[in-house]
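Some notes on the structure that comes next.
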């Protein structure tokens, strides 16, 4: 059974994370200071440092769980042998867009803050490693949906275009106040058409290069 001190410690940690989430979502990562987070959490900045060494540690803690859950969902889809390759790509596209639009207030934090190149095989930071893994899953889905003769370099370029398109879709609606289900119901046909257009364009480019 947890002691009173352990319970209090866990409550403080949750308060810090809740305060950081609210402040980062409202004002952005760079504009918020550790002292402001501590004040909003009802503790001193020295207490905050007991739990998190800096803002980047907070960023990692807030992002890690949700991104891991998304990755696991996408991995299950890719491993589903009952789905043909193109349907796998459509499904993980739906999952990615739903996740991002469902976390509109945290989207920039999850994917953009302190980001480095997504094609680096072994990123130093754990959060960037997760982001890179997600890109790897998307790239694998694109590669499998393309004709078998697609070269690795070519497939990487198409995967990047696909990745940029997904982020462009999400970025368009980041500040929308429309409820998630309503937004997806209204725009899902357009989102899925975007996937088909990318695949058709990629295949046409491959034909030209043969």
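Annotations
Conditions tested, residue by residue: (1) free of Cβ contacts under 8 Å to residues at least 60 places away in the same chain; (2) more than 27 Å from residue 103 (Cα to Cα).
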{"position": "148", "(1), (2)": "yes, yes"}
{"position": "157", "(1), (2)": "yes, yes"}
{"position": "161", "(1), (2)": "yes, no"}
{"position": "177", "(1), (2)": "yes, no"}
{"position": "188", "(1), (2)": "no, no"}
{"position": "195", "(1), (2)": "no, no"}
{"position": "198", "(1), (2)": "yes, no"}
{"position": "204", "(1), (2)": "yes, yes"}
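- Condition met for residue 193 (surrounded by 10 or more Cβ atoms within 10 Å (Cβ to Cβ), touching a helix residue (DSSP H, G or I) at 6+ places or on another chain (Cβ under 9 Å), assigned by TED's automatic domain parsing to the domain that holds residue 112 and part of a helix (DSSP H, G or I)): no
- In the range 51-74, residue nearest to residue 137 (Cα to Cα) [restricted to those that are in contact (Cβ under 8 Å) with a residue 12 or more places away in the chain and out of contact with any helix residue (DSSP H, G or I) (no Cβ under 7 Å at 6 or more places or on another chain)]: 56
- The listed residue being touching a residue at least 60 places away in the same chain (Cβ under 8 Å) and either surrounded by fewer than 18 Cβ atoms within 10 Å (Cβ to Cβ) or in the same structural domain as residue 131 (by TED's automatic domain parsing) (or both), out of 42, 28: 28
- For the residues 115, 57, 20, the requirement of being over 30 Å from residue 148 (Cβ atoms) and either buried (at least 16 other Cβ atoms within 10 Å of the Cβ) or in contact with a strand residue (DSSP E or B) (Cβ under 8 Å, 6 or more places away or on another chain) (or both) singles out 20.
The values are calculated or read from the model by the stated rules, or taken from the named source; none is laboratory data. Predicted, not measured: the structure shown is a model, and the values here were computed from it. In this analysis, Cβ positions are derived from the backbone assuming ideal geometry, glycine residues included, and neighbour counts consider all displayed protein chains.
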